[in-house]
Amino acid sequence: MFTSPASPARQRRQRREREEAALKRDAALRAAGRFDALELAESGGTIAGALDPAALPRLADRAVRPSGLPRAAIAWRIAGGHDALGRAALTVTLEGSVFLVCQRCLGPFAAPVAQETMLLLARDEAELARLDTEEPEVVLANTPLDPVALVEDELLLSLPFSPRHEQGECAAAGPARDQRGIGESPFAGLASLKAAPGSKQ
Ligand SMILES: [Zn+2]
């Protein structure tokens, strides 16, 4: 039996509907954000992103957002692959900075973050239990993983236990530096120029 081909208008509408459905599906995946770690390891793929560390719930009591300064950002990358023994693994790389509170002067400062960690992937609970006794970092990958939670884990591990400014950079050291600066400031020269005409009178 002969069926008439769909009209061009109808084809366009169907194509648009398909595209919209694909967009919605991609947006849902991005929102969920989870990924199959074993599949990423197998394919050697990489996922990446950036986030504001102060927005991470488990960093809320440590990371701060000082007003008047640009927001700190962490660029992250999770690369799938294998370790030297051929076991499925992820390499998590973090780069950026976090604003922490200095334990000496209680002022905020940007602590640099540059971290690369390899996480072994366990396919089930039994493998997790076995690997956990031998390896420092093992992740159970039998369900899709949340990249932000992985980044948060690694970031927490990389933060200093007792964060402090570099020696001599504390806010408490500020006034001392300012006092030293008075003799050298351009205003000192200006003051002596202003005094000069008065001294002639
Ligand atoms: Zn300080």
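Annotations
- Matching residues in segment 64-108 - criterion: being within 16 Å of the ligand (Cβ to nearest atom) and among the hydrophobic types (A, V, I, L, M, F, W, C): V64, L69, V98, F99, L100, V101, C102, C105, L106
- Those residues of segment 65-76 which are surrounded by fewer than 17 Cβ atoms within 10 Å (Cβ to Cβ) and on the phi < 0 side of the Ramachandran plot, in sequence order: R65, P66, S67, L69, P70, R71, A73, A75
- In this entry, L145 passes the filter for residues that are under 20 Å from the mean Cα position of the chain (by Cα), of a type outside the set (D, E) and more than 30 Å from R164 (Cα to Cα).
- Among the candidates L119, L38, residue that is modelled with pLDDT of 95 or more, in a strand (DSSP E or B) and away from the ligand (no atom under 16 Å from the Cβ): L119
- Pick from segment 122-139, criterion outside any loop (DSSP other than H, G, I, E, B) and buried (at least 16 other Cβ atoms within 10 Å of the Cβ), ranking: farthest from the ligand (Cβ to nearest atom): E127
- Residue selected from segment 156-171 under the condition assigned to a loop (DSSP other than H, G, I, E, B) and surrounded by 13 or more Cβ atoms within 10 Å (Cβ to Cβ), by the criterion farthest from the ligand (Cβ to nearest atom): L159
- So A114, is it closer than 16 Å to P147 by Cα, under 20 Å from the mean Cα position of the chain (by Cα) and surrounded by fewer than 16 Cβ atoms within 10 Å (Cβ to Cβ): no
The values are calculated or read from the model by the stated rules, or taken from the named source; none is laboratory data. Given the structure is predicted, the values throughout are model-derived calculations rather than measurements. A quick note on method: Cβ atoms are made from the backbone with ideal geometry, for glycine too, and the neighbour counts reach across all protein chains shown.
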